[in-house]
Amino acid sequence: MGKLPAFAVELLELLVLVLGAAAASVVGIALERFGTAAVTGGDVVVGLWAVGMGLVALYVGVVALGYEQVLPRLRALSGAN
């Protein structure tokens with residue numbers, strides 16, 4: 001099997017990062033919804049834990065992966081500075 005071109009490898013890495021960012025964001029939103037429902041339902045400890053974990057997952061998805069990884073790679077691939 002031949003080697004993949006560098007551009008194809010970069011696109012594959014970008015795709016994996018985008019999927020990871022999307023997955024972390026979806027998990028974060030689900031945890032936020034669950035935490036809000038738990039707090040309003042009277043289970044404050046579990047609700048606050050879920051809200052905290054949701055914030056961490058949203059940070060990972062939006063900032064750590066999206067803003068710090070995906071955006072610079074998109075700019076490098078497009079040639080824009």
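The values are calculated or read from the model by the stated rules, or taken from the named source; none is laboratory data. Small disclaimer: the values here were computed from a predicted structure and weren't measured. When we count neighbours, we look across all protein chains shown, and the Cβ atoms used for this are built from the backbone with ideal geometry, even at glycine. Calculation scope for accessible area: heavy atoms of the full protein, side chains included, ligands and nucleic acids excluded. Shrake-Rupley method; radii C 1.70, N 1.55, O 1.52, S 1.80 Å.
For residue 68, the stated conditions hold: it is open to solvent by 60 Å² or more (accessible area, probe 1.4 Å) and either without any contact (Cβ under 8 Å) to a residue 12 or more places away in the chain or part of a helix (DSSP H, G or I) (or both). Scanning region 3-40 for residues that are open to solvent by 70 Å² or more (accessible area, probe 1.4 Å), over 17 Å from the mean Cα position of the chain (by Cα) and modelled with pLDDT of 95 or more returns 34, 36, 40. Considering region 41-56, the residues that are within 21 Å of the chain's Cα centre (by Cα) and not aliphatic (A, V, I, L, M) include one that is most open to solvent (accessible area, probe 1.4 Å), namely 49.
Among the residues of region 25-44, is there at least one that is within 15 Å of residue 67 (Cα to Cα), hydrophobic (A, V, I, L, M, F, W, C) and in a helix (DSSP H, G or I)?
Filtering region 25-44 for residues within 15 Å of residue 67 (Cα to Cα) gives 25.
Remaining after also requiring hydrophobic (A, V, I, L, M, F, W, C): none.
Scanning region 25-44 turns up no residue that is within 15 Å of residue 67 (Cα to Cα), hydrophobic (A, V, I, L, M, F, W, C) and in a helix (DSSP H, G or I).
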